[in-house]
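S.K.: Handing you this structure, nothing more for now.
Read-outs: derived from the displayed coordinates by stated rules, not from any lab. All of these numbers come straight from a predicted model, not from anything done at the bench. Virtual Cβ from ideal backbone geometry, glycine too; neighbours counted across all protein chains shown.
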Amino acid sequence: MIYYIEAKYPYYSQTFIKGEVEYFSRQTKVKVFSLYPFKFRYLLLLSKLNSNGLYILIKYLFLILFRSKSIKEIIYYSYALLYGLIISQKVRNFSTIRCHLPKYAGLSSLIVTQLKKCKFIPVFHSYGLFTHNPFIKEICNNSYYIETISQYNKQCLKNITDKKIQVIHCGIDPDQLPKIPKKEDMAIFVGRLHETKGLDEVFKIFSNMDIPLILIGGGKIEKYKKMAKRSNVKANFLGVLTRSKTWEYISKAKVLILPSKINRKNGDRDGIPIVLMEAMALRTIVLTKKVSGIPELVIARNTGYLFKDIQDAKSILKGIFQIYPQNIAEKGFEMVKNEFNNETLFEIKGKNSL
């Protein structure tokens, strides 16, 4: 049986976790523990802690106070500690635990692993690896082995632990995507309306260009509408749409732009965005940057485009809208079909976890 301990499940943007859980559910029994929303009746289980559980409670409360950088972290990690102790009482025997984005949920998983002596497989994306994670060494060193989504991440993890690290990319199911219609003269951005996604660069790139830009995603829409207007961008903000509707718009666009950035404040960054895979599978050209593991999917001027600066991006866009590079669209499609296909990737995960 496989147990998942996740911060929040299901979460609308984390389709990679949901797909993996559904795959394993067809192979064996699966139970998902989600830190949020919390079930207060679980608190009664703390009364059953033995001496080892009480020792871990006191030890990690001290470490949380000593290592946390803010009151928010103290609260969240204390909650994660209690949650780990609670579910270790709720389930008698754990066999295998998997945990994606192992930051707060990573501490819960660590607590259960230390109490139950089970097989623990943390799966590192970017959150919890590049953002502050005071327990990352313990999480890695108490693991059975480590999974991560890119070679880029693997190199970073090698500086933290000597444990075995296996790279298994995130992927998509190309068969779920719609049929590809005739491309229209428009570009698209899909993602959170947030500085990490490089929206300031998006508007500089499309400034004074006669190319309609569709933006799909939630966030501070009014703020970015004003920014687009100041930059003279032909922007249409559609907000949050269903996955099927989003795919429909992506399939019609000639270009999907995603100039990912590293957040200088907390180190947050993209891993390998799923939306890039979806666009490539729909034969939409992707225009993005050399951040994190993205170049493992988007090979410059082969499966897509990686731009260096604003003028480079403008030049690439003009070329795409003058003569659509169908050969690059086809190579992008083949890359996703062969290297980022969930059917193959889940089989690899299954061999290690089942």
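S.K.: Mark the label point 7 Å from the Cα of residue 194 along Cα→Cβ and return the residues of the range 23-48 whose backbone N is within less than 13 Å of it.
M.R.: Counting backbone N atoms under 13 Å from the label point, the list is empty.
S.K.: Between the range 57-133 and the range 207-251, what's the alpha-carbon centroid distance in Å?
M.R.: Taking the Cα centre of each part, the range 57-133 and the range 207-251 sit 38 Å apart.
S.K.: Something else about it: With a 10 Å radius around each residue's Cβ, average the other Cβ atoms per peptide and rank 243-253, 156-166, 80-90, highest first.
M.R.: Going by the mean number of other Cβ atoms within 10 Å, highest first, we get 80-90, 243-253, 156-166.
S.K.: What number, rounded to the nearest 500 deg cm²/dmol, is the helix-based mean residue ellipticity at 222 nm of the chain, given -39500 (n - 2.57) per DSSP H run of at least four residues and division by all its residues?
M.R.: Theoretical 222 nm ellipticity from helices: -13000 deg cm²/dmol.
S.K.: Then there is this: Label points 7 Å out from Cα along the Cβ direction at residue 48 and residue 95: separation in nm?
M.R.: 2.1 nm
S.K.: Amide H to amide H, which residues 5 or more places from residue 125 or on other chains are under 5 Å from it, using H placed in the peptide plane?
M.R.: When sequence neighbours closer than 5 places are left aside, the close amide H contacts are 101.
S.K.: Holding the Cα-Cα limit at 31 Å, pick out from 182/314; 234/290; 39/225; 59/349; 225/331; 48/103 the pairs that are longer than that.
M.R.: 39/225; 59/349; 225/331
S.K.: Quick check: residue separation of residue 352 and residue 221 times 0.36 nm, minus the Cα distance between them. What number comes out in nm?
M.R.: That works out to 42.9 nm of additional length.
S.K.: Taking the Cα centre of the chain as origin, sum charge times position over the Cβ atoms of Lys and Arg (+1) and Asp and Glu (-1), and report the length of that vector in debye to the nearest 20.
M.R.: I would put it at about 900 debye.
S.K.: From the phi angles alone, apply the Karplus equation (6.51, -1.76, 1.60; θ = phi - 60°) to the range 212-224 and give each ³J(HN,Hα) in whole Hz, x where the residue is Gly or Pro.
M.R.: These are the phi-based 3J(HN,Hα) values: x, 10, 9, 10, 10, x, x, x, 7, 4, 4, 4, 7 Hz.
S.K.: Let me ask another. Cα convex hull of the chain: how many Å³ per residue?
M.R.: Hull volume over Cα atoms, normalised by residue count, gives 138 Å³.
S.K.: Something else now. So, counting K/R as plus one and D/E as minus one, what does the shell of residues with Cβ under 14 Å around residue 70 add up to?
M.R.: Result for the neighbourhood of residue 70: +4.
S.K.: Once R0 is set to 25 Å, what does the formula 1/(1 + (r/R0)^6) return for the Cβ-Cβ distance between residue 248 and residue 308, expressed as a FRET efficiency to the nearest 0.05?
M.R.: 0.20
S.K.: Please turn the phi angles of the range 277-291 into ³J(HN,Hα) values with the Karplus equation 6.51 cos²θ - 1.76 cosθ + 1.60 (θ = phi - 60°), one per residue in order, whole Hz, x for glycine and proline.
M.R.: Result, ordered by residue: 5, 4, 4, 5, 5, 9, 6, 9, 5, 9, 10, 9, 10, 7, 10 Hz.
S.K.: Also, I was wondering about something else. Per the Kirkwood definition applied to all pairs of different Cα atoms, how many angstroms is the hydrodynamic radius of the range 2-167?
M.R.: Final number for the Kirkwood radius of the range 2-167 is 16.1 Å.
S.K.: Could you work out the percent of alpha carbon pairs in the range 146-285 separated by over 23 Å, rounded to a whole number?
M.R.: Tail of P(r) above 23 Å: 42 percent of Cα pairs.
S.K.: Right, something else. Using per-residue counts of other Cβ atoms within 10 Å, averaged over each peptide, order 233-239, 39-45 from highest down.
M.R.: 233-239, 39-45
S.K.: Can you tell me the dipole magnitude for the range 211-334 around its Cα centre, using point charges on the Cβ only (Lys, Arg +1; Asp, Glu -1), in Debye to the nearest 20?
M.R.: That gives a dipole near 680 debye.
S.K.: So which aspartates and glutamates can residue 223 reach, going by Cα to Cα under 20 Å and dropping same-chain residues fewer than 8 places off?
M.R.: Here the aspartates and glutamates satisfying the reach criterion relative to residue 223 are 195, 200, 201.
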